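See structure below.
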Amino acid sequence: MSRGLNKVMIIGHLGRDPEMRYTPSGRPVTTFSVATTRNWKTAEGERRESTEWFNIVAWGSLAEICKEHLVKGQQVYIDGRLQTRRWDDDEGNKRQTTEIVAREMVILGSRKKRANGEDEPAREDVPFNEDDAFGDDNEDEFPF
């Protein structure tokens, strides 16, 4: 029997502040976007740049941590899996989106700023693993 692998690892910068919602059962879910940029030189020596945007979804206590500690522009490492959701919009059009369901998040680079402009106190940059907090990974109840 062959096995499949669905694993995504990205390092990039947040494109917007995280938004947290709650499912009808009260489980937190946070969404945000991350941009990754790649640079290269063409055969003619011209510099090129390309940016890819990823939609990220975090569940449970990882969702709460992302909402509390991440801000637009901050560099972050995300480890997760790809998931495609399909639905019909209000006009009956078929829609779909592909997103990364985060399993682990590590804050990289500078720390989050407080409202008064000072850095938050240093924390250990220990990776958070969603599996440590929740054994049941039920994303079937999207609040949006």
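The values are calculated or read from the model by the stated rules, or taken from the named source; none is laboratory data. Since the model is a prediction, treat every value here as computed from it, not as a measurement. When we count neighbours, we look across all protein chains shown, and the Cβ atoms used for this are built from the backbone with ideal geometry, even at glycine.
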TRP53 part of a strand (DSSP E or B), within 16 Å of PRO18 (Cβ to Cβ) and among the aromatic types (Phe, Trp, Tyr): yes
Residues of the stretch 42-73 that turn out to be modelled with pLDDT under 95 and of a type in the set (Ser, Thr, Tyr), as a count: 1
Residue list for the stretch 3-44, restricted to those being closer than 16 Å to HIS69 by Cβ and assigned to a loop (DSSP other than H, G, I, E, B): ARG16, ASP17, PRO18
Subset of the stretch 56-86 (residues that are in a strand (DSSP E or B), more than 16 Å from VAL29 (Cβ to Cβ) and not β-branched (Val, Ile, Thr)): GLN75, TYR77, ASP79, LEU82, ARG86
